[in-house]
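The values are calculated or read from the model by the stated rules, or taken from the named source; none is laboratory data. Please read these numbers as outputs of a predicted model, since none were measured by experiment. Here Cβ is always computed from backbone atoms with ideal geometry, including for glycine, and neighbour counts include all displayed protein chains. To get the accessible areas, we keep the full protein, side chains included, count just its heavy atoms, and leave off ligands, DNA and RNA. Shrake-Rupley method; radii C 1.70, N 1.55, O 1.52, S 1.80 Å.
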Amino acid sequence: MNADVVLLATGGSNFTSLQAAIERLGARCRQSHDPEQIRAATHVVLPGVGSAGAAMQAITAQNLAPLIRSLSQPVLGICLGMQILFSHSEESDVDTLGLIPGRVRRLPNADGIRIPHMGWNAINAVRDDALLAGVTGQDFYFVHTYAADDSEATLARCTHGQAFPAVVRSGNVYGVQFHPERSGPQGSRLLANFLGITA
């Protein structure tokens, strides 16, 4: 596989496992906030463990937001990395990257529903896409308290108390609310699908 992947160094804590998962697929993968390396990458990933406010603070401090918005290669946001692709997050009440229209809101409390949502849940496709080849209906590992609004960008949904977008796409920008690097063979398949997408 000739993919050359950059993980945006924005302060998340899942870099090591994600980098290992991508390298197992035969791709080159490194963390960087260097604009030249990011522009030269075949694929860019926004990892995310933490808060929307902290992630946007790191992106702003490194002046990465204009660069991220200008990228034409495939971009994948994971968990918090997906949430900051949208326009605004209730978490920290912060404006985010605005690559996908919509807001991110706290999952509502409901009887018998634990928040944060932690565990394995199936994703159900609402649109066909190369990213979802061979993984629709499969269980993935989720850890989150906030979720994006449903929109035309939704490719697949998950249900935890209510349905929410689990996979989204707008042009070259993709997002997954779950952690593929923690999701076994189906997570590896999804990452391989992403690496197979070209600009």
Among (1) surrounded by fewer than 22 Cβ atoms within 10 Å (Cβ to Cβ); (2) polar (S, T, N, Q); (3) at pLDDT 95 or above, Gln162 falls short only on (3)
If you go through the stretch 119-146 one residue at a time, how many are over 17 Å from Pro180 (Cβ atoms) and either of a type outside the set (S, T, N, Q) or in a strand (DSSP E or B) (or both)? 4
Boolean, Gly112 is out of contact with any Leu (no Cβ under 7 Å at 6 or more places or on another chain) and over 14 Å from Gly175 (Cβ atoms): yes
Filter pass, Phe164 being part of a loop (DSSP other than H, G, I, E, B), touching a residue at least 40 places away in the same chain (Cβ under 8 Å) and of a type in the set (Phe, Trp, Tyr): no
Test of understanding: among Gly137, Gly175, which residue is under 26 Å from Phe15 (Cβ atoms) and either modelled with pLDDT of 95 or more or within 13 Å of the chain's Cα centre (by Cα) (or both)? Gly175
Looking only at the stretch 167-189, decide whether some residue is in contact (Cβ under 8 Å) with a residue 12 or more places away in the chain, open to solvent by 50 Å² or more (accessible area, probe 1.4 Å), in a loop (DSSP other than H, G, I, E, B) and of a type outside the set (Ser, Thr, Tyr). no
Tell me, which helices (runs of 4 or more DSSP H) wholly within the stretch 1-118 include 2 or more residues that are buried (at least 22 other Cβ atoms within 10 Å of the Cβ)? 15-23, 52-61, 80-83
On the basis of being farther than 28 Å from Pro185 by Cα and either touching a residue at least 60 places away in the same chain (Cβ under 8 Å) or not charged (D, E, K, R) (or both), does Pro108 make the cut? yes
